[in-house]
Amino acid sequence: MQVFYADHFILPLPAGHRFPMAKYGRLRERLAAEWPAIQLGQALPASDGELALVHTPAYIGAIQHGTLPPVAQREIGFPWSPAMAERARRSVGATIQACRAAMSGDGMAANIAGGTHHAYADKGSGFCVFNDVAVAARLMQAEHARTHRARGPLRVAIVDLDVHQGNGTAHIFANDSSVFTLSLHGEKNFPFRKEPSDLDVELPDGTGDAVYLEALERALDELERRFEPDLVIYLAGADPHEGDRLGRLKLTFDGLEARDRRVMDWAWQRRRPLAFAMAGGYGTDMEATVQAQVNTYRVALQYQARWAARSSTETGTAVTPA
Ligand SMILES: [Zn+2]
């Protein structure tokens, strides 16, 4: 399974900053050490043209040159530096490459960071600079349109199970019927002004495994009734975990793993390629966040093996959505 990373572009943060930047490097180390079936690849930076499929040129330029007004920079939550701009581009690039790999026969692929769903077309927020998933969805649609002109747009379902609402993604695709946005999130959690997704499921503080998994089941049923995706992009946030500082929910490791399995199985049963990004995770113990993420990869590898077995027994290996 191909997995893309950009954590070696260090985003310098002041001492004591609350974002656990080290988790990405730690996740990469563990994947490299524990799962030889994972091929780790360096992410390429997304170009201005790719970013502009979603973001305004003024915002892209302000991030590139460090000219955002201080209030807008504070809303992102990271200080500006050339490395911050580079890293943000690479993180989008990693999701793009994961989507391409999933779409071109692999069936499953991932970004070890990304899922920066609070970024809007013209502003960042909540540790999100660019909206990697939105850019990747639009770019996959553009690439698909070039080769499958007569078939209509590629249909993308974004399944956002980070504990925070995918407000930026919901806003970007508010009037786009070719992208379905689903968000399961904490009702009382950030962002406090939510944007309507195609399907929002709000969960009360303290929600545990059973209630969460039932809600997910109902949401996938409704997604099924309303939309038929060609590509699924999954935000596998680790922040619904009970050990998360910011999550306010009470999922166990087993609950999170059952969640990942449900989404990946849903896509596999329909033979829809799935790319995933890690999104949030702010464990009181960072190793708990990384463990939840490693568990996501364990499940993903099982499904990717099914795709690989399928490709080797069929003549055409590329996924060509109708
Ligand atoms: Zn989150």
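Derivation of every value follows stated rules applied to the coordinates shown; laboratory data play no part. Here the structure is a predicted model, which means the values were calculated and not measured. Heads up, the Cβs are rebuilt from the backbone with ideal geometry, glycines too, and the neighbour counts pull from every protein chain shown.
Quick one: if you stick a label point 7 Å off each Cα along the C-beta vector at R298 and D48, how many nm between them?
It works out to 4.7 nm between the two label points.
Specify whether the C-alpha gyration tensor of region 27-154 places it in the rounded, prolate or oblate class, a ≥ b ≥ c being the square roots of the eigenvalues: rounded for a/c under 1.5, otherwise prolate if a/b is larger than b/c and oblate if not.
Cα axes put region 27-154 in the oblate bin.
Given H placed on each backbone N at 1.01 Å, which residues far from A46 in sequence or on other chains put an amide H within less than 5 Å of it?
Placed amide hydrogens put R90, V92, G93 under 5 Å from A46.
Using 0.36 nm times the number of residues separating Q39 and M21, minus their current alpha carbon distance, what extension gain do you get?
Stretched fully, the Q39-M21 segment lengthens by 4.3 nm.
Could you work out the relative contact order of region 57-185, using alpha carbon pairs under 8 angstrom and six or more residues apart, expressed as a whole percent?
Relative contact order comes out at 20 percent.
What is the gain in length, in nm to one decimal, between R30 and E224 on full extension, counting 0.36 nm per residue of separation less the C-alpha to C-alpha distance?
66.4 nm is the gain from fully extending R30 to E224.
Could you tell me the calculated FRET efficiency between S81 and R193, based on Cβ-Cβ distance and R0 = 30 angstrom, to the nearest 0.05?
0.55
Among T147, T181, T67, which one shows the highest mean-square fluctuation when the chain is modelled as a Gaussian network with alpha-carbon springs under 10 Å?
Comparing T147, T181, T67 in the GNM, the peak value goes to T147.
Taking H as built 1.01 Å from N, whose amide H comes closer than 5 Å to the amide H of G41, not counting residues under 5 places away?
HN-HN under 5 Å from G41: V3, F4, Y5.
Can you list the HN-Hα couplings for region 20-28, worked out from phi with the Karplus curve (6.51, -1.76, 1.60; θ = phi - 60°), rounded to whole Hz and with x for Gly and Pro?
After applying 6.51 cos²θ - 1.76 cosθ + 1.60, I find x, 4, 5, 5, 5, x, 5, 4, 4 Hz.
If you plug each phi of region 200-213 into the Karplus form 6.51 cos²θ - 1.76 cosθ + 1.60 with θ = phi - 60°, what whole-Hz ³J(HN,Hα) values come out, in order, with x for Gly and Pro?
Listing the rounded values in order: 10, 10, 9, 10, x, 3, x, 4, x, 4, 5, 5, 4, 5 Hz.
Suppose R0 equals 25 Å; then what is the FRET efficiency for A215 and F127 from their Cβ-Cβ distance, rounded to the nearest 0.05?
Rounded to the nearest 0.05, the efficiency is 0.50.
List, in order, the whole-Hz ³J(HN,Hα) value for each residue of region 148-162 obtained from phi through the Karplus relation with A = 6.51, B = -1.76, C = 1.60 and θ = phi - 60°; use x for Gly and Pro.
So the Karplus estimates, Gly and Pro as x, are 10, 3, 7, 8, x, x, 5, 9, 10, 9, 9, 9, 9, 10, 4 Hz.
So what is the calculated 222 nm ellipticity per residue for the chain, using -39500 (n - 2.57) for each DSSP H run with n of 4 or more, over all residues, to the nearest 500 deg cm²/dmol?
Counting only the DSSP helices, I get -14000 deg cm²/dmol.
Taking one equal scatterer on every alpha-carbon of the chain, how large is log10 of I(q)/I(0) by Debye at q = 0.09 1/Å?
With one equal scatterer per Cα and no solvent, log10 I(q)/I(0) is -0.40.
Could you give the length gained on full extension between E257 and E287, defined as 0.36 nm per residue of separation minus the Cα-Cα distance, in nm?
That works out to 9.2 nm of additional length.
Within region 91-119, list the residues whose amide N lies under 15 Å from a label point set 7 Å along Cα→Cβ of A174.
119
Summing +1 for each Lys or Arg and -1 for each Asp or Glu, what net charge is found among the other residues whose Cβ lies under 13 Å from the Cβ of F253?
-4
What's the magnitude of the charge dipole for region 106-256 around its Cα centre, counting Lys and Arg as +1 and Asp and Glu as -1 at the beta-carbon? Answer in Debye, nearest 20.
The dipole magnitude comes to about 580 debye.
Tell me which of L213, A83, W35 sits at the most positive position along the dipole axis of the chain, charges placed on C-beta atoms (Lys, Arg +1; Asp, Glu -1).
A83
Extending each Cα 7 Å along its Cβ direction at R310 and S104, get the distance between those two points in nm, one decimal.
Distance between the two pseudo-spin positions: 1.9 nm.
Taking the Cα centroid of region 58-113 and of region 197-214, what is the distance between the two, rounded to the nearest whole Å?
Centre-to-centre (Cα) distance: 28 Å.
To the nearest 20 debye, what is the magnitude of the charge dipole of the chain about its Cα centre, counting +1 on the Cβ of each Lys and Arg and -1 on the Cβ of each Asp and Glu?
620
For the chain, how many pairs of lysine residues have a Cα-Cα distance under 24 Å, where the two are 8 or more positions apart or belong to different chains?
5
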